[in-house]
Amino acid sequence: MSTFLTKLDYLLRETLLGIKRGGWMNWAAISTVAVLLFLFGASLQTSWQLENVLGQLGSQLEISVYLEQNVAGITMQPQIEGIAGVATVQIIDKEQAWQKLLKDLGDIDPKNATAQLGVNPLVDELKVRAINSDRLPELAKQIQKIAGVNEVWYTNEVVDRLRQLRQAVTSTSSVVVVVFTLVAIAVIMTTIRLIVMARRLEIEIMQLVGATANWIYFPFILQGVFFGIIGAAIAYTMLVLGLNLLSGIIVNQPELIKSLSMGLTNDPRVEYFLPVILLGFGSAIGVLGSLIAVRRFSLNQT
């Protein structure tokens with residue numbers, strides 16, 4: 001146990017010494033990682049928000065199923081409810097729909113209107129809600145093929161536009177994240193390489209006394225992890241402050257905007273998953289940049 005603590009103490013002291021010698025380059029590496037993780041976290045939040053909105057709209061959008069003239073909705077309901085992906089099926093009886101139509105038209109006597117037409121011209125209608133908005137087109141096609149169904153109608157334009165927006169955000173953010181990831185790795189690599197160069201004499205002495213490469217270079221790897229963790233902490237703090245600011249702005253907004261925006265501020269993934277993702281991503285970038293720098297230095301020495 002004492003040997004382990006001694007080794008741990010040495011690694012921590014060497015890591016802190018390297019960070020002190022990094023100077024302003026440390027802040028360059030940390031700020032670059034922080035900007036990268038902030039953009040990455042913001043893109044994740046946007047994607048999650050659009051996913052929440054799509055889920056809300058998917059549960060609210062309905063497929064209107066108009067049956068044949070002599071087909072009753074009560075007989076078709078069990079068959080449509082048995083289709084995979086269907087959440088609920090509501091029957092709108094043609095008599096109820098007829099009475100509602102006459103009421104909406106104004107001062108029209110239902111008995112006279114029915115007598116003039118001779119028969120109720122409407123048909124039974126089923127309101128079908130899907131479990132997921134992505135299933136709407138498929139469900140509409142399946143229902144249209146059922147015998148006794150005359151017409152199927154639904155509005156999916158809003159969902160399609162939001163889905164396209166989500167894809168565009170994902171594609172754009174992916175390109176930006178890749179570019180900033182390469183920049184962050186390059187900055188960390190340069191920072192670690194300068195620190196290694198500044199301690200070249202110490203490294204040569206350690207090699208002469210028989211220290212292994214892993215023992216010599218591991219503190220530099222820890223420095224890269226330090227850059228990633230601090231950058232992730234800064235990025236998450238900025239994201240949380242942004243969410244708090246957004247929460248204050250949407251309080252006085254219309255109910256629609258408020259309900260859609262609150263989906264993100266109340267999303268548990270932001271509180272629990274996002275910091276873990278940012279810490280993992282930041283640490284991986286730090287390790288990768290440090291490994292490249294250390295490997296180049298060791299190759300130049302051989």
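The values are calculated or read from the model by the stated rules, or taken from the named source; none is laboratory data. Here the structure is a predicted model, which means the values were calculated and not measured.
A few remarks follow.
- Some residue of region 253-272 being modelled with pLDDT of 75 or more, β-branched (Val, Ile, Thr) and in the same structural domain as residue 47 (by TED's automatic domain parsing): no
- Count of region 117-166 residues, restricted to those that are in a helix (DSSP H, G or I) and modelled with pLDDT of 80 or more, is 7.
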